[in-house]
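Asker: Quick one: the structure is below, questions incoming.
The values are calculated or read from the model by the stated rules, or taken from the named source; none is laboratory data. What you see is a predicted model, and the numbers here were worked out from it, not measured in a lab. Using ideal geometry, Cβ is built from the backbone for each residue, glycine included, and neighbour counts are taken over all protein chains shown. Ligands, DNA and RNA are excluded from the accessible area calculation, which covers all protein heavy atoms including side chains. Shrake-Rupley method; radii C 1.70, N 1.55, O 1.52, S 1.80 Å.
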Amino acid sequence: MSLVEFLPLALVTFLAAGVQSATGFGFGLLATPVFLILLNSPDAIPIVIILTLAISVALIGKLWRAASRNSLTLLSVGSVIGFPLGIVAFQQFGLGFIKIVVSIVVILSAAHALQRRFGRGAATRGRTPTNTPALLGIGVVSGAMTTCLGMPGPPGWTYLSA
């Protein structure tokens, strides 16, 4: 890989890491589409997963005390269940399909963020639901999205912002 090919990846990684450090989420949402476009290979997904894990490990100390142990446990159990589902999906679908799904997730996440910011949901911000089946389900979807798309955050973010 030449320097000209590496620089955009490094810049996106830096910007996405900054967003995740400031907001607690967003690395995969920003990095995955760009990595898929620039690398044009399914190898982009494992690279994003490794980078996401490294950033999460670096940030866990700051966020650990603020996390609800019950919610964290339920999301973690669900994620472990979802990991193999995402691996199967990743192996079954081609790069074109994965790019389409990533595009849809990015568009829906942006629409949700706009709706939360300017729409009807803005008044209810700040409540954290603790529905056990829903948290397990969100964990499963998040785990599957992690291993298939390199984007663990959108399902949890959408649920917790509700």
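Asker: Within the bounds of region 55-77, is there any residue that is modelled with pLDDT of 85 or more, open to solvent by less than 30 Å² (accessible area, probe 1.4 Å) and assigned to a helix (DSSP H, G or I)?
Answerer: Yes, region 55-77 contains a residue that is modelled with pLDDT of 85 or more, open to solvent by less than 30 Å² (accessible area, probe 1.4 Å) and assigned to a helix (DSSP H, G or I).
Asker: Kindly list the number of the only condition in (1) at pLDDT 70 or above; (2) surrounded by fewer than 17 Cβ atoms within 10 Å (Cβ to Cβ); (3) more than 25 Å from V34 (Cα to Cα) that fails for G137.
Answerer: (2)
Asker: State whether one or more residues within region 28-40 are open to solvent by less than 20 Å² (accessible area, probe 1.4 Å) and hydroxyl-bearing (S, T, Y). Lay out the reasoning, then the answer.
Answerer: From region 28-40, those open to solvent by less than 20 Å² (accessible area, probe 1.4 Å) are 28, 31-32, 35-36; that's our starting set.
Filter again for hydroxyl-bearing (S, T, Y), leaving 32.
Yes - at least one qualifying residue is present in region 28-40.
Asker: Here's another thing I want to ask about it. Identify the residue in region 1-54 that is aromatic (F, W, Y) and either under 19 Å from V105 (Cβ atoms) or touching a Cys at 6+ places or on another chain (Cβ under 8 Å) (or both) and, among all such residues, is modelled with the highest pLDDT. Write out each step before concluding.
Answerer: Of region 1-54, the ones aromatic (F, W, Y) are 6, 14, 25, 27, 35.
Remaining after also requiring either under 19 Å from V105 (Cβ atoms) or touching a Cys at 6+ places or on another chain (Cβ under 8 Å) (or both): 25, 27, 35.
On the way: F25: 74, F27: 85, F35: 93.
Among residues in region 1-54 that are aromatic (F, W, Y) and either under 19 Å from V105 (Cβ atoms) or touching a Cys at 6+ places or on another chain (Cβ under 8 Å) (or both), the one modelled with the highest pLDDT is F35.
Asker: Right, something else. Taking region 1-52 on its own, how many of its residues are in a helix (DSSP H, G or I) and not aliphatic (A, V, I, L, M)? Let's see the steps before the verdict.
Answerer: Taking region 1-52 and keeping what is in a helix (DSSP H, G or I), we get 3-23, 27-39, 44-52.
Within this subset, residues satisfying the condition of being not aliphatic (A, V, I, L, M) are 5-6, 8, 13-14, 18, 20-21, 23, 27-28, 32-33, 35, 46, 52.
Matching residues across region 1-52 total 16.
Asker: Considering only region 5-25, I want to know if a residue exists there that is within 20 Å of G156 (Cβ to Cβ) and in contact with a Ser or Thr (Cβ under 7 Å, 6 or more places away or on another chain).
Answerer: no
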